[in-house]
Every structure is written in C-alpha cells, then in structure tokens.
1. Of the conditions (1) in the same structural domain as ARG167 (by TED's automatic domain parsing); (2) charged (D, E, K, R); (3) assigned to a loop (DSSP other than H, G, I, E, B), ARG284 clears all except one; give me its number.
2. Give the number of residues within region 249-280 that are at negative phi and part of a loop (DSSP other than H, G, I, E, B).
3. Residues to consider are ALA168, ALA142, ALA186, ALA155; find the one that is of a type in the set (Gly, Ala, Ser), more than 21 Å from the chain's Cα centre (by Cα) and surrounded by 19 or more Cβ atoms within 10 Å (Cβ to Cβ).
4. Applying the selection to region 248-282, what residues are over 29 Å from the mean Cα position of the chain (by Cα) and under 21 Å from SER197 (Cβ atoms)?
5. Just to be sure, is ARG32 surrounded by fewer than 20 Cβ atoms within 10 Å (Cβ to Cβ) and either assigned by TED's automatic domain parsing to the domain that holds GLU93 or touching a Pro at 6+ places or on another chain (Cβ under 7 Å) (or both)?
6. Condition first: farther than 20 Å from PRO107 by Cα and surrounded by 20 or more Cβ atoms within 10 Å (Cβ to Cβ). Now tell me which residues in region 1-29 satisfy that.
Amino acid sequence: MPELPEVEVVRRGLQHWVAGRTVAHAEVLHPRAIRRHLPGAEEFAARLKGRTIGSAERRGKYLWLPLDSPDAVLAHLGMSGQLLVTEPGSAPERHLRIRLSFTDGGPELRFVDQRTFGHVLVAPMTARLPRWVPEPIAHIAADPFEPVFDDEQFAIDLRRRRTEIKRALLDQSLISGVGNIYADEALWRARLHGTRSTATLTRPKIAELLAAAREVMTEALDEGGTSFDSLYVNVNGESGYFERSLAVYGRRDQPCRRCGAPIVRESFMNRSSYSCPRCQPRPRAPRKG
C-alpha cells in the first residue's frame, strides 16, 4: 500500500496538473470507487460539476483537492489506486473507475484501481486546528512532515501507549503516513527491533527514531517512492525507484548494508517485518518472578 512518500509524489503531480482548474464533467464508472460517498454517483458528479479545484493537499496516506466551496475531493489509493493525468480522447485504462474532465479542455484526471480497495468521495471540510481537513479524516494524526506535528507530544503519547514500537508507528491516530515499509526502514536506522516496548524508549531514542523516519521518507520521495510492481505510479504513470535503496524491507537472507548479517523476516500482524538480527537484537523477555 502506498505510504507517505508515494502519496506525496502523487500530490505534487496533482498540484502541477489539476490545481486551479474547473471541473466540466465527472463520470463514475464503478460504484465501488465511491462506496464511501453515500449519496451515490449522480450526486457525486453533481457536487463536482462547475467547481474549481484549489491546491492539492495531503495528510499521511490521504489526498484531497479543496473545492471553491466548503467541500473537498478526498481520496485514498488503497493497494492499487492510481490518479493519472491523461489526454482527453485517449483510450480508457483497463480498470478506470472515475474520470474528471475540465472546462479548459486539457488533460483529464482519471482514478484507476485494479483491486478497488481505494476510494474517492466529496466531503465537507472541518477545523482540526490549526489546519482545516476533510471531516472523514479529522481523527487522523498529523504526519511528521507537517508543521503542526509536535515531536515532544509524540514522545509523551508514544511512551504512554505501552505497546511494541512498530505497532505504534503504524497507528495512524498517533502518527500518520508511516506504513510497513518505512517503519522497518526507520527502525533499522535507529537500531531498534520492532517488538521493543515503547515504555522503555528514552526521549533521545524517540527523537532519533523520528529523525530516521523523516530521513528515509525524504530519500524515498527524492527517488519517486517505492514501486514493487506496476500498481504504484505517479500521475504520469511512472514508477518510483527507491526499492533499490531499501536496507531491510524485502531483503530476507541478504546481507545487512551496515554489518553484513543476513536480514531476517518475521510475521507481524498478517504482514512481514524485516530486520537485522545483529544491528537490531530482539529485546530480552523479562524474568519471571
């Protein structure tokens, strides 16, 4: 599933190609793509027609396009969603779900989703001070690249959770945008095993982990994100290439880039976790009695 860097790459493309344009027509080709827009396809299209799109925005893994009204177009890419900028009249993509055309006659915006786990809806904006966000994601925490993200409060909240550090990193109500890939990569850089208890982390170690998360996601963003298959692409249909720079994720039995020990894979919440057994030793179980 695309994480913060991949979604940010798409947001930048939308900002370049879509911001400031007025919707001429919206067409829904698969009802599942707007399953969370409860009024349905006709109302979705009517809410968009004639609306001008503002600057593309993002929080964590969610994208939205503010409209010249109290609403915004909110999108989550799911596992295979793509927002593509395509010339009008070009052949429709195989898994095309939604198409927006614009009054200037320029490139269309198309939502393509092979597995239909992603979704798009028109939602009202609400104030989660000091920022306005779409109402359905008001519960999502700020991501580590937002100016409103509070490192000190994050450290306090993290220690209070009393859970495993990787579980905490994936908790979007605590910190948004970090998924399985970049959690593993940040933990490797901070030399932490994912099962380490958050209650045992010092403030300096939490600061180091946050810095590692920001660092690896910045590097991924510079390389267009991580593409393991053809399903993640930017708005022009191009894949990212940070996969070749990953230190642990997906590198089972390959040598650690720091110490040479074979990377191990462990099961985690119906997913996989990757770590270096030498750089990231598993914490010892507390003695009984």
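The values are calculated or read from the model by the stated rules, or taken from the named source; none is laboratory data. Only a predicted model underlies this, so the values are computations on that prediction, with no experimental measurement involved. Counting neighbours? That spans all protein chains shown, and the Cβs are built from the backbone with ideal geometry, glycine included.
1. (1)
2. Of region 249-280, the ones at negative phi are 249, 251-252, 254-259, 261-268, 271-280.
Now restrict to residues that are part of a loop (DSSP other than H, G, I, E, B): 249, 251-252, 254, 256-259, 261, 263, 276-280.
The total comes to 15.
3. Working: ALA168 fails: more than 21 Å from the chain's Cα centre (by Cα); ALA142 fails: more than 21 Å from the chain's Cα centre (by Cα); ALA186 fails: more than 21 Å from the chain's Cα centre (by Cα).
Criteria check complete, one pass: ALA155.
4. ARG278
5. Numbers: surrounded by fewer than 20 Cβ atoms within 10 Å (Cβ to Cβ): yes; either assigned by TED's automatic domain parsing to the domain that holds GLU93 or touching a Pro at 6+ places or on another chain (Cβ under 7 Å) (or both): yes.
Taking the combined requirement at face value, the residue satisfies it.
6. Step one: list which residues in region 1-29 are farther than 20 Å from PRO107 by Cα, which gives 1-8.
Of everything in region 1-29, those that are farther than 20 Å from PRO107 by Cα and surrounded by 20 or more Cβ atoms within 10 Å (Cβ to Cβ) turn out to be PRO2, GLU3, LEU4, PRO5, GLU6, VAL7, GLU8.
Listed here are the residues, each with its yes/no results for (1) at pLDDT 95 or above; (2) of a type in the set (Phe, Trp, Tyr); (3) surrounded by fewer than 20 Cβ atoms within 10 Å (Cβ to Cβ).
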| position | (1), (2), (3) |
| --- | --- |
| LEU231 | no, no, no |
| PRO255 | yes, no, yes |
| CYS259 | yes, no, yes |
| SER275 | yes, no, no |
| PRO286 | no, no, yes |
